[in-house]
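Chemist: Mind having a look at this structure? Questions to follow.
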Amino acid sequence: MPVGSAKFGLFAAAGAGGGSAGYFGGGRQSAASYASTIESFDFSDDSRSVSSTVLSSPRRALAGMSNAGVAGYFSGGKTQTSAYGSAVVEKFAFADSSISTLSTGLSYTGDLPRGMSNSGTAGYTTGGYAYSGGWINYDTVDKFAFSNDARSTLSTGLSMARYGGYGMSNSGTAGYYAGGREVGGAGNVTTVDKFAFSNDSRSTLSASLPAGRYYGASMSNSGTAGYCAGGHDGNTLSAIEKYTFSTDTRATLSAGLSAAAYGTAGISNSGAAGYVGGGAGFLTTVDKLAFSNDSRTTLSEGLTTGTYSLAGIQNEESLA
């Protein structure tokens, strides 16, 4: 996609911290250790660096939202001191890699929520679960206006309460919440909910996932397609499901992940490629999916430390 001089100037002026890149944050790095680390992958050459900025506390099972050219957000999840779920939302400024905590967090303390992003307008954190004398599954959808970081909660939530699904984003048009799991209830879910960004109304796609699954990674090629990669359906999966945004139809790619994995996270560079990083078993692997032909390669340089249950955000030049 051609980049105009004004847009290019925005990224050039932002310096090394503000270039077009994806970021993996948080996660679990051992049975007893959560991570506060933020690692970036430069979209121009796939090189990896570790930010000197860290999350305010180690967290895993968190969600990511992204406002291209401005900031990404790490929301919810679980800290090592929270029994189930955190309401904290942290904002990572792309220009200087600084981080701050929003005064208004989530309306609930959900573990394993998922994010959707309408770049330039708002981000959404959806679903999750908690335990308080019994299992609680959330159908909540919290919306954060990027102009002032104010939070509202949609009157229409998910079609069913669940956690750990796949959040896909067609910026300017719609967000999708696919699959997930209802703990203590129906189990793994095949349902795909679609939220129109124009009015936040929800519909449910006729093209559901081929089997109930959760805890995988999602990638979005805004304007074209979204992808649900890996996860768990009773077995660990390597399959990648592709949703074409123009028709809301689904296809299974011939090229899956390099290895079956769950507890992964995705980052997206619309118009170019998506990336899936980490996974249970403390994987360092980062797979790259070229959006032009849906071919998969594995980066020579993965995460510095094996991590799972992490989150991804991205600064996409094509959406800024």
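Chemist: Work through the residues other than ARG28 whose Cβ is under 10 Å from its Cβ and net out their charges, Lys, Arg +1 and Asp, Glu -1. Can you show the working numbers first?
Modeler: On the way: positive: ARG59, ARG60, LYS78; negative: none.
Residues near ARG28 contribute +3 overall.
Chemist: Can you pull the percent of Cα pairs in the range 79-124 with separation above 13 Å? The partial results should precede the final answer.
Modeler: Working: 699 of 1035 pairs.
Roughly 68 percent, rounded to a whole number.
Chemist: Mind checking the log10 I(q)/I(0) for the range 166-320 at q = 0.09, 0.13, 0.14 Å⁻¹? Debye, one equal scatterer per Cα, no solvent, two decimals.
Modeler: -0.26, -0.54, -0.63
Chemist: Follow-up. Given R₀ = 22 Å, what would the calculated FRET efficiency be for THR249 paired with SER159, taking r from the Cβ atoms and rounding to 0.05? Display every interim value, and only then the final one.
Modeler: Details: r = 19 Å, r/R0 = 0.87.
In this case the efficiency is close to 0.70.
Chemist: Now, a different point. What percent does the relative contact order of the chain come to when contacts are Cα pairs within less than 8 Å and at least six residues apart? Can you show the working numbers first?
Modeler: Working: 1020 pairs, mean separation 51.4, N = 320.
For the chain, the relative contact order is 16 percent.
Chemist: If you don't mind, another one. Given the convex hull of the Cα atoms of the range 156-220, what is a quarter of its surface area in nm²?
Modeler: Details: hull surface 17.2 nm².
Taking the Cα atoms of the range 156-220, their convex hull projects to 4.3 nm² on average.
Chemist: Same structure, new question: Using 0.36 nm times the number of residues separating THR121 and GLN80, minus their current alpha carbon distance, what extension gain do you get? Numbers along the way, then the final one.
Modeler: Details: separation 41, 0.36 × 41 = 14.76 nm, distance 3.22 nm.
Value of the extension gain: 11.5 nm.
Chemist: Which value, in Å² and to the nearest 10, is the accessible area of PHE282 when all protein chains are kept and the probe is 1.4 Å?
Modeler: Counting only protein heavy atoms, the figure is 80 Å².
Chemist: Students sometimes get this wrong: rank ASP193, ASP46, ASP96 by accessible area, probe 1.4 Å, all chains present, largest first. Working shown, then result.
Modeler: Details: ASP193 0, ASP46 30, ASP96 100 Å².
Result, largest first: ASP96, ASP46, ASP193.
Chemist: Next up: Could you tell me which of the pairs LYS242/LYS288; LYS78/LYS288; LYS78/LYS242 are separated by over 26 angstrom between their Cα atoms in the structure shown?
Modeler: Values: LYS242/LYS288 15 Å; LYS78/LYS288 28 Å; LYS78/LYS242 29 Å.
Violating the 26 Å Cα-Cα cut-off are LYS78/LYS288; LYS78/LYS242.
Chemist: From the Cα trace of the range 99-239, what convex hull volume per residue do you get, rounded to a whole Å³?
Modeler: 125 Å³
Chemist: Where Lys and Arg each count +1 and Asp and Glu each count -1, what net charge lies around PRO210 among other residues with Cβ under 13 Å from its Cβ? Provide the component values of the computation, followed by the final result.
Modeler: Details: positive: ARG213, LYS242, ARG250; negative: ASP233, GLU241.
Local net charge: +1.
Chemist: Could you tell me which label, among (i) -0.16, -0.46, -0.83; (ii) -0.23, -0.65, -1.10; (iii) -0.23, -0.60, -0.94, carries the value of log10 I(q)/I(0) by the Debye sum over Cα atoms at q = 0.06, 0.10, 0.13 Å⁻¹ calculated for this structure?
Modeler: (i)
Chemist: For SER107 and SER56, what does the FRET efficiency come to when R0 = 25 Å and r is the distance between their Cβ atoms, rounded to the nearest 0.05? Walk me through the numbers before you get to the answer.
Modeler: Details: r = 19 Å, r/R0 = 0.78.
Rounded to the nearest 0.05, the efficiency is 0.80.
Chemist: If you count only protein heavy atoms with a 1.4 Å probe, what accessible area per residue comes out for the chain, rounded to a whole Å²?
Modeler: 36 Å²
Chemist: Please report the net charge: other residues with Cβ closer than 9 Å to the Cβ of TYR176, K and R +1, D and E -1. Numbers along the way, then the final one.
Modeler: Numbers: positive: LYS194; negative: ASP193, ASP248.
After counting each charged neighbour, the total is -1.
Chemist: Once Rh is set to the Kirkwood radius over Cα pairs, what Stokes-Einstein translational diffusion coefficient, in µm²/s, holds for the range 182-269 at a temperature of 20 °C and a viscosity of 1.002 mPa s? All intermediate terms of the calculation are to be shown ahead of the outcome.
Modeler: Details: Rh = 13.7 Å.
Calculated translational D: 156 µm²/s.
Chemist: To the nearest 0.05, what FRET efficiency results for ALA93 and ASP45 with a Förster distance of 30 Å applied to their C-beta separation? All intermediate terms of the calculation are to be shown ahead of the outcome.
Modeler: Details: r = 23 Å, r/R0 = 0.76.
For ALA93 and ASP45, the calculated efficiency is 0.85.
Chemist: Stretch ASN235-THR298 to full length: gain in nm at 0.36 nm per residue minus the Cα-Cα span?
Modeler: Numbers: separation 63, 0.36 × 63 = 22.68 nm, distance 2.24 nm.
Value of the extension gain: 20.4 nm.
Chemist: For the range 125-214, which whole-number percentage of the solvent-accessible area (1.4 Å probe, protein heavy atoms only) is attributable to carbon and sulfur atoms? Write down the numbers at each step before the final one.
Modeler: Numbers: 1330 of 3360 Å².
Roughly 40 percent, rounded to a whole number.
The values are calculated or read from the model by the stated rules, or taken from the named source; none is laboratory data. Being a predicted model, the structure only gives us computed values, none of them experimental. Positions of Cβ are generated from backbone atoms using ideal geometry, with glycine treated the same way; all protein chains shown enter the neighbour counts. Remember, those area values only see protein heavy atoms, side chains included, never the ligands or the DNA or RNA. Shrake-Rupley method; radii C 1.70, N 1.55, O 1.52, S 1.80 Å.
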